[in-house]
1. For the stretch 18-47, which residues satisfy the criterion of being modelled with pLDDT under 90 and either of a type in the set (S, T, N, Q) or within 29 Å of the chain's Cα centre (by Cα) (or both)?
2. Tell me the residue from 68, 53, 49 that is in contact (Cβ under 8 Å) with a residue 12 or more places away in the chain, surrounded by 15 or more Cβ atoms within 10 Å (Cβ to Cβ), farther than 21 Å from residue 13 by Cβ and touching a helix residue (DSSP H, G or I) at 6+ places or on another chain (Cβ under 8 Å), please.
3. For residues that are among the aromatic types (Phe, Trp, Tyr) and more than 18 Å from the chain's Cα centre (by Cα), tally how many sit in the stretch 106-148.
4. I want to confirm something. Restricting to the stretch 200-245 and keeping residues that are acidic (Asp, Glu) and out of contact with any Pro (no Cβ under 8 Å at 6 or more places or on another chain), which single residue is surrounded by the most Cβ atoms within 10 Å (Cβ to Cβ)?
5. Anything in the stretch 249-295 that is open to solvent by less than 40 Å² (accessible area, probe 1.4 Å) and touching a Phe, Trp or Tyr at 6+ places or on another chain (Cβ under 8 Å)? List them, or say none.
6. Looking at residue 150, is it among the aliphatic types (A, V, I, L, M) and within 26 Å of residue 118 (Cα to Cα)?
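The values are calculated or read from the model by the stated rules, or taken from the named source; none is laboratory data. Keep in mind that this is a model prediction, so the values were computed, not measured. No Cβ is skipped: glycine too gets one built from the backbone with ideal geometry, and neighbour counts run over all protein chains shown. We work out accessible area using only protein heavy atoms, side chains counted, and drop any ligands, DNA or RNA first. Shrake-Rupley method; radii C 1.70, N 1.55, O 1.52, S 1.80 Å.
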Amino acid sequence: MIIEMPGTTTRAINRRLLKERDEGGAIALGRVLTLVISVGDRDPDEAIDAANDASREHPCRVIVIANDTKDRASNLDAQIRLGGDAGASEVLVLRPSGQLERHLDTLVIPLLLPDAPIVTWWPYEIPENPAEHPLGRMATRRITDSTQCAHPNTALRTLAASHTDGDTDLAWTRATLWRGLIAATLDQPPYEQVHKAVVVGESTHPSVDLMAAWLAYALKCPVEIERVPDALAITQVRLERSSGDIVLDRPDGKTAALRQPDQPEHRIALPIRQLRECLAEELRRLDADEVYGEVLQKGLPRIDA
């Protein structure tokens, strides 16, 4: 069910939500958090679809802030999505204009779930400092996605310069399976030191840089990045050791081949992660991702150097 509310107020939105709950029980499920999504000038539907999928694991209230396409004085158009149009969530799409755009925190606060954590997500362009943004200051966790920025690697360095506990980036989440496989491989004999690591991947994909930064931080060895235009994200990680190289190779974006000295080749399902998977993973934890912070602030400078 989709309810259009042009020229409305937050008070009217809350009254309509209460009315729908009383009359139809459409939003009777317990909510575990409020997810605030700021999409700027972009179409919000892709982000809403991902939030709806993630909400099946994390029932929540989703508040989407989208720029008004009309040049008007202070006005608020809203849309309420319930039931099948909102997954296991209730979705509020707000399009503020005029003075309301300058006070987004004041606009959102009356619509927050009481006594529930707040997560803010910027699925496209990111603010200069997420923790100091009006929507970021109220949040327990702040999620960005540097892969969707016009200049991904510049955005990644901006995030490193302003990192605050509670920040995370979906470019880091997209590399979770790679990190897990590499860590599991290094936990096996012969436990040799890695002399050099090489990460191969798409030339502007920030997950490539974060994977290299993680290896530089964790292994304290030189790390080289081989940038390939039009590649499918990360395509290979190679660890050079005295007994021979460990190579995790995924040229097709679906299946990886793990090659190690004196062992048969192993084939591993390693598909490129979808947005909804990454968002759901980040919503599972509301504490600070300390490893991400260390990699961003200590590993990334090793790569840049």
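1. The answer is 26, 27, 28, 29, 30, 31, 32.
2. Values: 68 fails: farther than 21 Å from residue 13 by Cβ; 49 fails: surrounded by 15 or more Cβ atoms within 10 Å (Cβ to Cβ).
Every option except 53 fails the conditions.
3. So the first thing to find is which residues in the stretch 106-148 are among the aromatic types (Phe, Trp, Tyr), and the list is 121-122, 124.
From what is left, the residues that are more than 18 Å from the chain's Cα centre (by Cα) are none.
Of the residues in the stretch 106-148, 0 are among the aromatic types (Phe, Trp, Tyr) and more than 18 Å from the chain's Cα centre (by Cα).
4. Filtering the stretch 200-245 for residues acidic (Asp, Glu) gives 202, 209, 224, 226, 230, 240, 245.
Next, only the ones that are out of contact with any Pro (no Cβ under 8 Å at 6 or more places or on another chain) stay: 209, 224, 226, 230, 240.
On the way: 209: 28, 224: 13, 226: 15, 230: 6, 240: 16.
Per the stated criteria, the residue is 209.
5. Those that are open to solvent by less than 40 Å² (accessible area, probe 1.4 Å) and touching a Phe, Trp or Tyr at 6+ places or on another chain (Cβ under 8 Å): 270, 279, 289, 292, 295.
6. Values: among the aliphatic types (A, V, I, L, M): yes; within 26 Å of residue 118 (Cα to Cα): no.
When the stated conditions are applied, residue 150 does not pass them.
For (1) among the hydrophobic types (A, V, I, L, M, F, W, C); (2) in contact (Cβ under 8 Å) with a residue 60 or more places away in the chain; (3) within 30 Å of residue 35 (Cα to Cα), each residue gets a yes or a no:
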{"position": "220", "(1), (2), (3)": "no, no, no"}
{"position": "227", "(1), (2), (3)": "no, no, no"}
{"position": "238", "(1), (2), (3)": "no, no, no"}
{"position": "244", "(1), (2), (3)": "no, no, no"}
{"position": "257", "(1), (2), (3)": "yes, no, no"}
{"position": "268", "(1), (2), (3)": "yes, yes, no"}
{"position": "282", "(1), (2), (3)": "no, yes, yes"}
